[in-house]
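One structure is given below, encoded as structure tokens.
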Amino acid sequence: MSHAVIIDKAVKRYGDFQAVNGISLTIKPGEFFTLLGPSGCGKTTLLRMIAGFNTVDGGEIRFDDSVINNVPAHKRDIGMVFQNYAIFPHLNVTDNVAYGLKARKVPNAEIGPRVMEALKMVQIDHLATRKPNELSGGQQQRVALARAFVIEPSVLLMDEPLSNLDAKLRVQMRTTIKKLQRRLGITTVYVTHDQEEALAISDRIAVMKEGNIMQVGAPEEIYRKPANPFVANFIGVSNFIDCDVNASGGKAEVTIEGKYHISMPANQAYQGAAILSARPEQLFLSDKGIPGVITLALFLGDFVQYEIRLENDQVIELNEYTKDTDSTRAVGENVFVDFNPRQVSLYKKDSQEVLSC
Amino acid sequence: MAKERKLHSLRVMNMHIPYHIIMIIWSFISMFPVWILIINTFKIRKEIYTNPFGLPKVWTLQNYKSLLANANFFVYFRNSFLVVVVSLFMILFLGSLCAYALAHWRTRFSGGVYFFFVLGMMLPIKIATIRLLQIMKNLGLMNSLFSLYPVYIAMGLPTAVFILTEFIHGLPTELYEAGFMDGAGRFRIYYNIVLPLIRPALATVAIYNLVPIWNDLWFPLIFITKEDQKTVLLAVTMLQGQYSTDWPKLLTILAMSALPVITLYLLMSKQFVKGLTAGAVKG
């Protein structure tokens, strides 16, 4: 049975440095949950706290109703996939996968069929007698996966399992992992710094920065409605444009560079400096909008990537899909940049609090 | 044309001719005594004196035959063999257990323990001979192989702990974590994961200690006078009399005693080099 993982104000300290800063999360049973963030944000630390390799210095971690703070790693009923696979180099594929079952004193008659079934699930049953050094990186990763779930854990942890694979294999493996997780229904906590991978694979994502959670939500939610500029810039690419806002009654009047006025929906009353966050594909070239000059035009096949210098010398990025236009604009051309006010996000300049809804 | 010549000179350069010349000369210097030793064992006694460096004019196996006919010879060999096997086993067993602990549970205390072991590499054990003699006497271990085991184990442990700790430390921690997560206890991880993975380092430690233990004369000379507890090398010294030396017998027993060491070294030299360098490149 898979458990819910409840993290309640969890803290991890290294001397004066707080690597995990009182994080609270509720991961539902059977959910594919991803901890996403740049290196040093505490995501691996938090995962290792769930695994039992790091102590919990404050708060608690629960599997369903039982607190596991002081339960040793091997009694937490966890399967784990490590970044460098950590498969035993001196054992062949079968023995590697069987290791956990043997250590758990599963009857011998049961071990063989269970190992074979796990190997079939990750499609390496034909390599059962090979040694790890005779396997490719992707195959080794599959062994690590099989070893993690063959013990039928109630929680599966993965620490950047795909980061040592080449780009093509990474895409292939993440589909395999996703399908496998669906089929097994094991609660999975996945750590990655690759935002595309996180978007593709997760049911929900927690974006982390410096030991804090910046936003928790479904992939589409955190992409479309980032809660703050950090998330907007970490998930995908965002242009940040300074503006002035006068918001009241659910409506914000936005003025950009004192020239371009546009009205947007707002979640609160506010008056003052703000940041408008727009993704390259949310901006388009128009006959009205923010004036600028094209400084670079890269034709990339399905879209053209423009760099446009605004009048305040800020350079923004804009993508125009090839199918939407007949020709590429020339460098040096004066253009207007426009956007759909319901798609972009608006943040208070000082507190970085979200204004748009 | 020019390219061809360049390739040619590169190939010649890769042969490292000067190094090879030096190494050949060096090998010759080291091998020469061994060669003299071997050929002289096939000579009759008189010829050793008249023709020490040349090949035997009359080949004889008499020296070996008489040596093998001597029952004591087997006792000496058995003793030497026992001393080496038991000491090496204990050095490897205790050393790897100790290294496993020191590599993984690093505290201020473990740092002190590690330093204590490494200190043993710098202090020659022979300076403690008189104390050891007293201890062995009080323990009633004189004239017994049991006086040699603890001394040799103590001699071997510092290098064993030093080499093995570094080696175990170089193994990726995820391997232990994976094993731990799979429900293996610490001893199971040691036995199932660590030991197989440090085999090259164990071979290094074994060879490194094999020769000094096998060839040690000092401690048997001091602790042992009883005939049935003598080691090979101790027996050899008895052949070297004050007025006359039984050269054929002496050389033959020396040749025989070198044989196991040379064989083992040749068998394990590949692992030996692997173990020495593996610790070096893992950062």
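Whether any residue in the range A:45-56 is over 23 Å from the mean Cα position of the chain (by Cα), more than 8 Å from chain B (Cβ to nearest Cβ) and over 13 Å from residue B:174 (Cβ atoms) is what I want to check. Yes: the range A:45-56 contains one or more residues that are over 23 Å from the mean Cα position of the chain (by Cα), more than 8 Å from chain B (Cβ to nearest Cβ) and over 13 Å from residue B:174 (Cβ atoms).
Across the range B:82-105, which residue is nearest to the chain's Cα centre (by Cα) among those that are farther than 21 Å from residue B:199 by Cα and open to solvent by 40 Å² or more (accessible area, probe 1.4 Å)? Going through the qualifying residues, I end up with B:82.
Note on the range A:93-107: residues that are more than 30 Å from residue B:170 (Cβ to Cβ) and either within 14 Å of chain B (Cβ to nearest Cβ) or modelled with pLDDT under 90 (or both) amount to 2. Looking at B:189, B:163, B:198, B:125, which one is within 21 Å of residue B:88 (Cα to Cα) and within 14 Å of chain A (Cβ to nearest Cβ)? One residue alone meets the criteria, B:198.
The number of residues in the range A:282-315 being charged (D, E, K, R), assigned to a loop (DSSP other than H, G, I, E, B) and free of Cβ contacts under 8 Å to residues at least 40 places away in the same chain comes to 2. Residue A:183 passes every criterion in (1) within 14 Å of chain B (Cβ to nearest Cβ); (2) assigned to a helix (DSSP H, G or I) apart from (1). Look through the range A:325-338, keep the residues that are in contact (Cβ under 8 Å) with a residue 24 or more places away in the chain and of a type in the set (D, E, K, R), and return whichever of them is least open to solvent (accessible area, probe 1.4 Å). The qualifying residue least open to solvent (accessible area, probe 1.4 Å) is A:338. Of the listed requirements (1) open to solvent by less than 50 Å² (accessible area, probe 1.4 Å); (2) within 14 Å of residue A:241 (Cα to Cα); (3) in contact with a Pro (Cβ under 9 Å, 6 or more places away or on another chain), residue A:311 misses just one: (1).
Scanning the range B:223-230 turns up at least one residue that is more than 15 Å from residue B:70 (Cβ to Cβ), open to solvent by less than 10 Å² (accessible area, probe 1.4 Å) and part of a helix (DSSP H, G or I).
Scanning the range B:106-151 for residues that are open to solvent by 50 Å² or more (accessible area, probe 1.4 Å) and either touching a residue at least 40 places away in the same chain (Cβ under 8 Å) or not assigned by TED's automatic domain parsing to the domain that holds residue B:225 (or both) yields B:114, B:121, B:126, B:133, B:142. Residue count for the range B:111-134 satisfying the condition of being over 24 Å from the mean Cα position of the chain (by Cα) and basic (Lys, Arg): 1.
Across the range B:43-58, what is the number of residues that are assigned to a loop (DSSP other than H, G, I, E, B) and within 22 Å of residue B:244 (Cβ to Cβ)?
Looking only at the range B:43-58, we keep the residues that are assigned to a loop (DSSP other than H, G, I, E, B), and these are B:43-44, B:51-58.
Of the ones still in play, those that are also within 22 Å of residue B:244 (Cβ to Cβ) are B:43-44, B:51-53, B:56.
So the answer is 6.
Restricting B:235, B:184, B:178 to residues that are away from chain A (no Cβ under 14 Å) and either open to solvent by less than 60 Å² (accessible area, probe 1.4 Å) or in contact with a strand residue (DSSP E or B) (Cβ under 9 Å, 6 or more places away or on another chain) (or both) narrows the list to B:235.
Of the strands (runs of 3 or more DSSP E) lying entirely inside the range A:1-105, the ones with 2 or more residues being more than 26 Å from residue A:210 (Cβ to Cβ) are found at A:78-81.
Would you confirm, using the coordinates I've provided, whether residue A:90 is more than 22 Å from the chain's Cα centre (by Cα) and within 13 Å of another protein chain (Cβ to nearest Cβ)?
Considered against the rule, which asks whether it is more than 22 Å from the chain's Cα centre (by Cα) and within 13 Å of another protein chain (Cβ to nearest Cβ), residue A:90 comes out as yes.
Table: residues versus (1) in contact (Cβ under 8 Å) with a residue 60 or more places away in the chain; (2) assigned to a helix (DSSP H, G or I).
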site: A:139; (1), (2): no, yes
site: A:145; (1), (2): yes, yes
site: A:149; (1), (2): yes, yes
site: A:153; (1), (2): yes, no
site: A:156; (1), (2): yes, no
site: A:164; (1), (2): yes, no
site: A:170; (1), (2): no, yes
site: A:174; (1), (2): no, yes
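Report, by residue number, each residue of the range B:163-211 that is more than 20 Å from residue A:131 (Cα to Cα), outside any helix (DSSP H, G or I) and in contact with a Ser or Thr (Cβ under 8 Å, 6 or more places away or on another chain). Within the range B:163-211, none qualify. Per the listing B:154, B:160, the residue uniquely open to solvent by less than 60 Å² (accessible area, probe 1.4 Å), in a helix (DSSP H, G or I), free of Cβ contacts under 8 Å to residues at least 60 places away in the same chain and of a type in the set (A, V, I, L, M) is B:154. Out of everything in the range A:63-86 that is within 13 Å of chain B (Cβ to nearest Cβ) and closer than 22 Å to residue A:24 by Cβ, what residue ends up being most open to solvent (accessible area, probe 1.4 Å)? That would be A:71.
The values are calculated or read from the model by the stated rules, or taken from the named source; none is laboratory data. On a predicted model such as this, the values are computed, not experimentally measured, just so you know. With ideal geometry, Cβ positions are generated from the backbone for all residues, glycine too; neighbour counts draw on all protein chains shown. Remember, those area values only see protein heavy atoms, side chains included, never the ligands or the DNA or RNA. Shrake-Rupley method; radii C 1.70, N 1.55, O 1.52, S 1.80 Å.
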